[in-house]
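The values are calculated or read from the model by the stated rules, or taken from the named source; none is laboratory data. These numbers were taken from a predicted model, which means no experiment stands behind them. Please note: Cβ atoms are built from the backbone with ideal geometry, for glycine as well, and neighbour counts cover all protein chains shown.
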Amino acid sequence: MDNDAISQAAERLSAGQRLVVFSGSGLSAESGIPTFRDEGGIWERFPPEDFAEIPGLIKTFLTHPDRLREFVAEGIGDAARAAPNAAHAAIAELQERRQVTVVTQNIDGLHQDAGSKTVHELHGSLFRLKCTRCQHRVDLSRQEIRDLSERLGEPLPMPAKRRRLIRLMLPLLRRCGECRSRMRPDIVFFGEQLPAEAWQQAQVASMHCHGMLVVGTSAQVYPAAMLPAVAHDSGAKVVVVTLDPRFEARWANQIVVGPAAEVVPAIVGEIE
Ligand SMILES: [Zn+2]
């Protein structure tokens, strides 16, 4: 690890009270959750057009219910079994010394599990359902999702595979307690808008922060990719922690290359 780079990063982030941590899938990957977009990622085996968009999901359900079952079991299983890593813990610890707002593209709830209090989830959460009609939301426990992924781990018995799959997935598609409409996972699928409130709060926090720590995201997917640019252009110092030695961005004041679980605790340790 480059100690000079760590000290310099800590100094840049120490300049003011308000910090934003902007995290992405690279941070979760260090907790054992496979990424979607990277090489060897989930989208290579489960093409997004069939699994990440609502119309594709419906088609897959009708034509290949077992493939849909495998996708859901895999997509939720690793996240349900995961635990926060040293970077999540350091980010939570930083709250004791700074006003920290976490903005995350991850849906695994690991920032909250580590103890972070203010977390804006740009892509929703695997551990929450939302009503398709009213604003009602319901939290799901890690255990519930783990149990579901285990039940989905077995091939569907013939006949009536689709009916069987629906029955297995009912915990995710239950009726709303307020209006009796169908609920669905509170996750942003391809082609859907980011949740308005989380997105607005993320923008406001980025505009008013003194420093931003970008962890485990290439920040190239719009609109979320705007946030570091907004922070930078509003005068904040932006520090990037990445595994990618070729990373570059006009808004990055400093890039520290290395695993988040090592680099982030080292930087946080030097912020007084
Ligand atoms: Zn409802």
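Some observations on this one:
- Residue match in region 30-47 (condition: hydrophobic (A, V, I, L, M, F, W, C), modelled with pLDDT under 90 and more than 23 Å from Arg69 (Cβ to Cβ)): no
- Total residues in region 159-183, condition farther than 19 Å from His136 by Cα and not small (Gly, Ala, Ser): 10
- Hits in region 162-179 - residues which are more than 16 Å from the ligand (Cβ to nearest atom) and farther than 10 Å from Leu129 by Cβ: Arg162, Arg163, Arg164, Leu165, Ile166, Arg167, Leu168, Met169, Leu170
- Scanning region 176-217 for residues that are within 18 Å of the chain's Cα centre (by Cα) and within 20 Å of Ser14 (Cα to Cα) returns Ala205, Ser206, Met212, Leu213, Val214, Val215.
- Any hit, region 126-133, residues being surrounded by 13 or more Cβ atoms within 10 Å (Cβ to Cβ) and more than 16 Å from the ligand (Cβ to nearest atom): yes
- Region 180-194: number of residues that are within 16 Å of the ligand (Cβ to nearest atom) and either touching a residue at least 60 places away in the same chain (Cβ under 8 Å) or hydroxyl-bearing (Ser, Thr, Tyr) (or both): 3
- Residue among Ala198, Ala219 that alone is in a helix (DSSP H, G or I), surrounded by 15 or more Cβ atoms within 10 Å (Cβ to Cβ) and hydrophobic (A, V, I, L, M, F, W, C): Ala198
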